[in-house]
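The values are calculated or read from the model by the stated rules, or taken from the named source; none is laboratory data. Everything numeric here is computed off the predicted structure, so don't read it as measured data. Cβ: placed from backbone, ideal geometry, glycine included. Neighbour counts: every protein chain shown.
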Amino acid sequence: MGGTGGKLLNLVLKVWRQTGKSEGKFVNYDAKGISEDSSFLEMLDQVNEGLVLKGEEPIAFDHDCREGICGTCGFMINGNAHGPQKHTTVCQLHMRVFKDGETLTLEPWRAQSFPVIKDLMVDRSAFDRIITSGGFISVDTGNAQDANCLPIPKPDADAAFSAAECIGCGACVASCKNASAMLFVSAKVSHLALLPQGKVERFERVENMVATMDQEGFGACTSTGSCSAACPKGISLANIAKMNRERLTSAIFKREAVQGDGI
Ligand code: FES
């Protein structure tokens, strides 16, 4: 719990408290004697311990790996998804980036498709439904040694690897004025479409995933780029362009198939 030393900080947390569909409100809490070496979530653990000891309800927030890889954590800190440090998830953020005496405003992701469960926790199952609609490979890809025998151009492998870095945290949606999920969906589509194993189902995949994204109520992309700027993994907007090309190619293939059949 907490850090191992360093300067101690006294902060004020202005935290959004809400249960389900009830009306939420900001509540202020003192976060005193916080080691600057603590992670942000360790600081919240410390505040929660104090609340529990006082018989008060702890602040609910999502977390799992605390290593920046699972995508479970994430909320707004002073209006920034995952806080002020670029390419850093909230679990990897350290208290040393804040100043003693600062007031930090903590809010959940604000998006219609991510309803608040409690306090800083939101329901991101809409992302799971998008993945279920096509974010996978169902063809037989053989065994490990078969993959090693498939030559993949280095630029494609690099681009696929970069897209695969998306951890599905939802910061892109929360930072977009339209609450668009295009960066998330495009990262998944690009990752698979760039690899030979994923090409087989590429058109079906992009159409199904985009249709599910729309059904889930995410907004349209207007190319503002705040999604990519806020992404803790720096997922590139180039993935959105790639996804749009996939959709266009799918439409052309479909039209040619229809014309070819003389329908
Ligand atoms: S808790 Fe896993 S990415 Fe933050």
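Considering every residue within region 121-134, establish whether at least one is over 29 Å from M213 (Cα atoms), more than 16 Å from the ligand (Cβ to nearest atom) and free of Cβ contacts under 8 Å to residues at least 24 places away in the same chain. Full working, then the answer.
Initial filter on region 121-134 (over 29 Å from M213 (Cα atoms)): none.
No - not one qualifying residue is present in region 121-134.
Could you say whether any residue in region 120-127 is closer than 20 Å to N28 by Cα and surrounded by 16 or more Cβ atoms within 10 Å (Cβ to Cβ)? For region 120-127, residues closer than 20 Å to N28 by Cα and surrounded by 16 or more Cβ atoms within 10 Å (Cβ to Cβ): present. Of the set (1) under 23 Å from V116 (Cβ atoms); (2) without any contact (Cβ under 8 Å) to a residue 12 or more places away in the chain; (3) part of a loop (DSSP other than H, G, I, E, B); (4) not β-branched (V, I, T), all apply to G55 but (1). Counting only helices (runs of 4 or more DSSP H) that sit completely within region 175-235, those holding 3 or more residues that are surrounded by 17 or more Cβ atoms within 10 Å (Cβ to Cβ) and not assigned by TED's automatic domain parsing to the domain that holds Q85 correspond to 182-193, 202-215, 226-230. Scanning region 31-48 for residues that are hydroxyl-bearing (S, T, Y), more than 22 Å from the chain's Cα centre (by Cα) and within 16 Å of the ligand (Cβ to nearest atom) yields a count of 1.
Of the set (1) in a loop (DSSP other than H, G, I, E, B); (2) at pLDDT below 95, all apply to G135 but (2). Contact map, region 64-93: residues that are without any contact (Cβ under 8 Å) to a residue 24 or more places away in the chain paired with residues that are near the ligand (Cβ under 6 Å from one of its atoms), Cβ distance under 6 Å, separation 6+ or inter-chain. Pairs shown: D64/C70; D64/T72.
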